[in-house]
Amino acid sequence: MYVLKWFAFLCMNSLALAQVPSLLFSPAVAAYEDAGFGAAYWVSGNGVDECHYAAFANWEYRAYRGAFYYSYGELDSIYRESFGTLEAGLVWKHFGVGGGYGLAMEWIPGDAFWARHRYDVGALGHFRSLTLGLSLSGFSEEPPRAVAAFYWHPSPGLRFFVQGFRHEAVTGYELCFAHLCVESAFRAPGFAFALGASVVLGEWNMGGNHWFGGEDLDWNAFWVRRRLKK
């Protein structure tokens, strides 16, 4: 998939898992992906009136890479959140580094308001069809969190990944045909499972997925993205 890969690698919580396809990348790891832009929408399916909207883009110029992400979320009439991040990286043939800054604003309409700052750094190694990524990220008032990810891209239409963070791991695959991609992912422990599909029409990718499992995941996500040719 082409949706939010560069963002979700750095933000592996329940919501991040719900809002993106299974192949997850940071801005540095996304260096070996095509640049593009798009939008996404995800909504809770567990009876809670909660939804989120997002816009995103990643771009490249020679060895430089950049990424932008913004989301806005609503929970009934009692809570709102806004999150934006800018990230940049330098990438060579077999190695890349990246980092970014994010600002999260949360408020209760007509009442409290608070803001948090998020920082992240990441590095990767890339050889042929294999990529290994490492990330350290977190909000300024919390201890940083480490994430490690391994990606294998043996053919243009097939990809596998494994990601580890804290005491959990997520593994999955993406299989693409001429105009159709299917994917699935699995998280353990803290059971979660995802199924998704998308249609590819030229440079456009449009699709959706569903994450479910445990008490924390019941999300339906939809996206559209346009890939930019190099």
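Where a number appears in this text, it was derived from the coordinates with a stated rule and is not lab data. Just so it is clear, the model here is predicted, and its values are computed rather than measured. Don't worry about glycine lacking a Cβ; one is built from the backbone with ideal geometry, like all the others, and counts go over all protein chains shown.
Remarks
- Length-normalised contact order for the range 5-227 - Cα pairs under 8 Å, 6+ apart - percent: 17
- Taking label points 7 Å from Cα along the Cα-to-Cβ direction, residue 95 and residue 167 give a separation of 3.5 nm.
- Computed from the C-beta positions of residue 195 and residue 150, the FRET efficiency with R₀ = 22 Å rounds to 0.50.
- Taking 0.36 nm per residue of separation and subtracting the Cα-Cα distance, full extension of the segment from residue 64 to residue 224 would add 55.1 nm.
- Residues residue 142 and residue 111, FRET efficiency given R0 of 25 Å [Cβ-Cβ distance, rounded to 0.05]: 0.60
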